[in-house]
1. Pairs please, first residue from the stretch 364-392 and of a type in the set (Phe, Trp, Tyr), second anywhere and assigned to a strand (DSSP E or B), Cβ atoms under 6 Å, 6+ apart in sequence or on different chains.
2. Take the residues in the stretch 35-71 that are in contact with a helix residue (DSSP H, G or I) (Cβ under 9 Å, 6 or more places away or on another chain) and among the polar types (S, T, N, Q); name whichever of them is surrounded by the fewest Cβ atoms within 10 Å (Cβ to Cβ).
3. Only one of GLY233, GLY242, GLY277 is at pLDDT 90 or above, open to solvent by less than 10 Å² (accessible area, probe 1.4 Å) and over 17 Å from SER173 (Cβ atoms). Can you tell me which?
4. Which residues, counting only those in the stretch 416-448, are within 30 Å of VAL405 (Cα to Cα) and of a type outside the set (Ser, Thr, Tyr)?
5. Restricting the search to the stretch 129-178, which residues are at pLDDT 55 or above, of a type in the set (Phe, Trp, Tyr) and either touching a Gly at 6+ places or on another chain (Cβ under 7 Å) or open to solvent by 50 Å² or more (accessible area, probe 1.4 Å) (or both)?
6. Counting only residues that are open to solvent by less than 50 Å² (accessible area, probe 1.4 Å) and hydroxyl-bearing (Ser, Thr, Tyr), which one in the stretch 283-329 is modelled with the lowest pLDDT?
7. At pLDDT 95 or above, open to solvent by less than 20 Å² (accessible area, probe 1.4 Å) and either under 18 Å from ARG343 (Cβ atoms) or part of a loop (DSSP other than H, G, I, E, B) (or both), is that true of ILE383?
8. With respect to the numbered conditions (1) over 29 Å from ALA414 (Cα atoms); (2) outside any helix (DSSP H, G or I), which one is the sole condition not fulfilled by THR113?
Amino acid sequence: MFPHVLRAAAVRGLLGLAATLALPATGFATTRCVSNAYELASALADVRTATDSLFFIRLRSGIYQVTNLTGPFELVQTHANQIVDVSGGWSGANGACTSQGYDPGLTTLIGSTTQPALTAYAGVPLSMDPADIPYNAKVNVTGLTLKNPNFTKAYSTDADLEDFPLDYWEPESACLNALVGLETNELLLERLDIRNCHAPNNGNAAGAIRNIGAMLTMRNVAARQSSALGNAGLMVHSKQGGVSRLSQISVTGMDTNPSCEDPGTSNTFFYLDRTSGLELRATEGGVNHLGNSVVWGNTRCSAAAAHDIWLIMGTWDDGDPYTIHDNVWTAGSGGDVWLDRVRTGDVYVWTPIQSPHTSDMSYGNPGFVAPGNPMPAPGSPLIDNGNANPQGGTGGRDASGRTRVLGSRVDIGAYEAQPNQAPTLVLAPEYTVPPGASAATLVFTAAASDDGLPGPIGYSLSSLCPGMFAIDGTTGAVRLASANPQAGGECDVTVTASDGVLQAAATTRVVLQAAPADAIFTDGFDAAP
């Protein structure tokens, strides 16, 4: 088993030997184009033994779900001088991966009752043998949606994965478990949409991310609409000199302990009643940077206010995990947290001996498009209010895959506000109503497409046949207001779709078919009876 605590001094010494003894990756490159859950699980598992310098896993657009048959979606990178790149949104003829879309919604990973949607470990040694310690290793995970509505696994104080240093006091995530180890290795998490992560018996539902003496960059990531017994949102723990840079992060719609369990009677009491948004831990010389981010609108017990951001700076006392040991690690410093251009409702510092470094903090309603949807609405204080050069960078695209900077400055949060676009409405040239059709008969449905800004689409109708048609202002369904007259006829109908600011109109012709004429008239008056 890998030791529970990997001391930084030991790591530095071992890394010196590792540069000589570790088997580096080869100079070859491998690309795996996957289109189903079985192929994805296999490609991720192969990373553990692959020695190529570049290992690309490209996911075609679609839904990938963990099952007992597929096995977990688990990436464990163990080789030196190697880059592993996992990205979604790919497409191409005959099952190839030749073109990439950048919207994370194109590729969705779904976890199971016992497995998260994704596990990603970068630069993790298989043992303390110097020959097994990787260096200059990097893992990139970009352009994915992660979900898990059914994670029922119970929290345990025992480390479940014996190969890796999981902290006892950090529950597993329903959606994202990530770790980067050792000071020359890196993990990049970018353009992720983490949502609907529910862990009724566990914590850190959206993500549990650990940095042990390495470099973590996490940017343009949204976490939303999740629940858990403990923190329903994200936890990032930097320790043993690890530096984590988080920029353009949005966390909202999290609900911790929704069943209002009494922490006094639960064996998980130590992580109940903490945050319901973002927990940042910096211990044993670790550093967390959070910039251009918004954490707001998170609750506990389904209604009560919760700490949006929870900070821990210090280290556990080896003899008592519930006691902070003077916020100082005996072989280094306690840890630092830097907050720059962060919009939130509440920040709680659990280790008051040491305070975070803050600049340009703001509090209150961030002006989202809707609750649980962190896209900035027109007039939001998030727009053009970010730091142009945050720790971690701005990246080229936001969490929806669109251009990152559109205004004078980058927006705060995972999403860049988009200029309001007029709805698009297309109707067929003609619709037909059969003879004898009664009132309320559906004629057609006007379905406009829109960018969702600044609000939902509303529909209205005008016609040269007054009183003949009616439209549902929400759905766009056009129905007969009265029965089709026997004589039939034709009417031009114009439908207008509006987002409250901009609108689009389209006109179609409705043909009201006439009832068939009398049989005698049809055959002529002189016809034989």
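The values are calculated or read from the model by the stated rules, or taken from the named source; none is laboratory data. What you see is a predicted model; the values in this text were computed from it and never measured. Neighbour counts are summed over all protein chains in view; Cβ atoms, including those assigned to glycine, are modelled from backbone coordinates with ideal geometry. Ligands, DNA and RNA are excluded from the accessible area calculation, which covers all protein heavy atoms including side chains. Shrake-Rupley method; radii C 1.70, N 1.55, O 1.52, S 1.80 Å.
1. Between residues of the stretch 364-392 that are of a type in the set (Phe, Trp, Tyr) and residues that are assigned to a strand (DSSP E or B), the close pairs are PHE368/PRO374.
2. THR67
3. GLY242
4. GLU416, ALA417, GLN418, PRO419, ASN420, GLN421, ALA422, PRO423, LEU425, ALA448
5. Listed by number, the residues that qualify are PHE151, TYR155.
6. Checked the stretch 283-329; the qualifying residue modelled with the lowest pLDDT is THR315.
7. It is false that ILE383 is at pLDDT 95 or above, open to solvent by less than 20 Å² (accessible area, probe 1.4 Å) and either under 18 Å from ARG343 (Cβ atoms) or part of a loop (DSSP other than H, G, I, E, B) (or both).
8. Against the list (1) over 29 Å from ALA414 (Cα atoms); (2) outside any helix (DSSP H, G or I), THR113 comes up short only on (1).
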